[in-house]
Amino acid sequence: MDRDKTVLLTDERKAVRSVDRALDILLCFGAERDLGLTEIARRVALHKSTAHRMLASLERRGFVERQPLTDRYRLGWLIVELASQVYQSDNLTSLAMAEMTHLRDAIGETISLYVRSGQERIRVSAVEGTHPVRRAANVGKRFPLYAGASGKVLLAFSDQDILAELHAAQSVPQDFDIAELRTQCSQIAADGYAVSIEEREAGAAAVAAPILNRQGVCVAALSISGPVDRFTAERVAHFATACMAAANQISKILGPHSV
């Protein structure tokens with residue numbers, strides 16, 4: 001390989017590494033409103049000087065803002081603008097909203113819509129329940145795939161290679177039983193829904209069902225969630241029927257295939 005090609009490849013690798021680092025910095029704010037330089041550098045394993053240069057670049061482009069009084073950083077308005085474009089162009093969330101609201105009104109519990117993002121799931125839409133005590137539903141929050149009704153639905157109705165990927169990437173606890181999860185996913189696929197009782201969070205329960213697109217591919221999971229004391233065996237059976245019916249209706253809206 002001649003010198004020019006070697007230099008070009010080196011420059012490309014540096015550019016890709018810089019993009020990865022910038023994205024890592026933005027992802028730091030997933031669970032935090034604002035962060036200081038030291039904390040950001042620690043989270044992305046960068047020297048403070050490097051993190052500072054990258055933050056300055058992100059600030060110039062509007063992706064982050066530095067608060068002068070505290071010298072802390074937060075996401076910039078450009079992120080909100082980009083997110084609004086995604087929301088406006090997302091047929092799934094807009095088409096599902098009416099059915100989600102109808103299900104919430106009939107059930108009274110919080111209704112959420114999840115999609116898979118790599119080896120996690122993200123809540124992309126939600127309608128909060130009507131009970132005084134209800135599940136909080138923060139849109140944009142990430143959760144594991146291996147725990148919770150929605151995550152298991154996304155696994156059960158997707159390519160089973162994802163399970164192997166989870167294990168290979170160590171995205172599950174070290175002592176996690178992948179074989180048991182595979183068995184659960186097979187049962188969920190047969191039943192058409194999943195149930196979780198205090199699986200991911202103490203005091204919480206959920207029922208979830210898959211949503212298919214026009215090609216018959218699982219694109220999302222619809223869930224009903226609330227305090228565990230309201231998820232009796234009788235109610236869980238009722239919730240499962242209602243959740244599958246709503247998910248099936250959304251699937252029909254998306255295309256001719258149904259769950």
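Scoring A98 on the criteria (1) surrounded by fewer than 16 Cβ atoms within 10 Å (Cβ to Cβ); (2) over 29 Å from S223 (Cα atoms); (3) modelled with pLDDT of 90 or more leaves a single failure, condition (2). Of all residues in the stretch 231-256, those that are aromatic (F, W, Y) have Cβ atoms under 8 Å from Cβ atoms of residues that are surrounded by fewer than 16 Cβ atoms within 10 Å (Cβ to Cβ), 6 or more apart or on another chain, in F231/I197. Among the residues of the stretch 12-41, the ones that are more than 24 Å from F143 (Cβ to Cβ) and of a type outside the set (V, I, T) come to 11 in all.
For the stretch 204-232, give me each residue that is over 19 Å from K152 (Cβ atoms) and modelled with pLDDT of 90 or more. Across the stretch 204-232, the qualifying residues are P227, D229, R230, T232. Checked against (1) among the aliphatic types (A, V, I, L, M); (2) outside the structural domain of L154 (by TED's automatic domain parsing); (3) at pLDDT 90 or above, V259 meets all criteria but (3).
Okay, residues lined up against (1) modelled with pLDDT under 90; (2) closer than 19 Å to F29 by Cα:
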| position | (1), (2) |
| --- | --- |
| E120 | yes, yes |
| R135 | yes, no |
| L145 | yes, no |
| S150 | no, no |
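A quick yes/no check of all residues on (1) among the β-branched types (V, I, T); (2) in contact with a strand residue (DSSP E or B) (Cβ under 7 Å, 6 or more places away or on another chain); (3) not assigned by TED's automatic domain parsing to the domain that holds A209:
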| residue | (1), (2), (3) |
| --- | --- |
| T101 | yes, yes, no |
| G108 | no, no, no |
| G118 | no, no, no |
| T130 | yes, no, no |
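Kindly indicate the residue of the stretch 206-246 that is under 19 Å from the mean Cα position of the chain (by Cα) and farther than 18 Å from C185 by Cα and also surrounded by the most Cβ atoms within 10 Å (Cβ to Cβ) among those meeting that condition. Applying the filter and picking the extreme gives I224.
The strands (runs of 3 or more DSSP E) located wholly in the stretch 149-251 that include 3 or more residues which are in contact with a Leu (Cβ under 8 Å, 6 or more places away or on another chain) and in the same structural domain as L103 (by TED's automatic domain parsing) occupy 204-212, 218-227. Taken over the stretch 66-81, residues that are under 25 Å from the mean Cα position of the chain (by Cα) and free of Cβ contacts under 8 Å to residues at least 24 places away in the same chain amount to 5. Hey, does the stretch 225-242 have a residue that's touching a Cys at 6+ places or on another chain (Cβ under 8 Å) and closer than 23 Å to V124 by Cβ? For the stretch 225-242, residues touching a Cys at 6+ places or on another chain (Cβ under 8 Å) and closer than 23 Å to V124 by Cβ: absent.
Keeping to the stretch 40-65, report how many residues are touching a strand residue (DSSP E or B) at 6+ places or on another chain (Cβ under 9 Å) and closer than 18 Å to R21 by Cβ.
Step one: filter the stretch 40-65 for residues touching a strand residue (DSSP E or B) at 6+ places or on another chain (Cβ under 9 Å), giving 40, 43, 55-56, 58-59, 63-65.
Now restrict to residues that are closer than 18 Å to R21 by Cβ: 40, 43, 55-56, 58-59, 63-64.
Count: 8.
Among the residues of the stretch 106-130, those identified as under 10 Å from the mean Cα position of the chain (by Cα), surrounded by fewer than 22 Cβ atoms within 10 Å (Cβ to Cβ) and in contact (Cβ under 8 Å) with a residue 60 or more places away in the chain are V115, V124.
The values are calculated or read from the model by the stated rules, or taken from the named source; none is laboratory data. Quick caveat, the model's predicted, so the values are computed rather than measured. All Cβ positions, glycine included, derive from the backbone under ideal geometry; neighbour counts span all protein chains shown.
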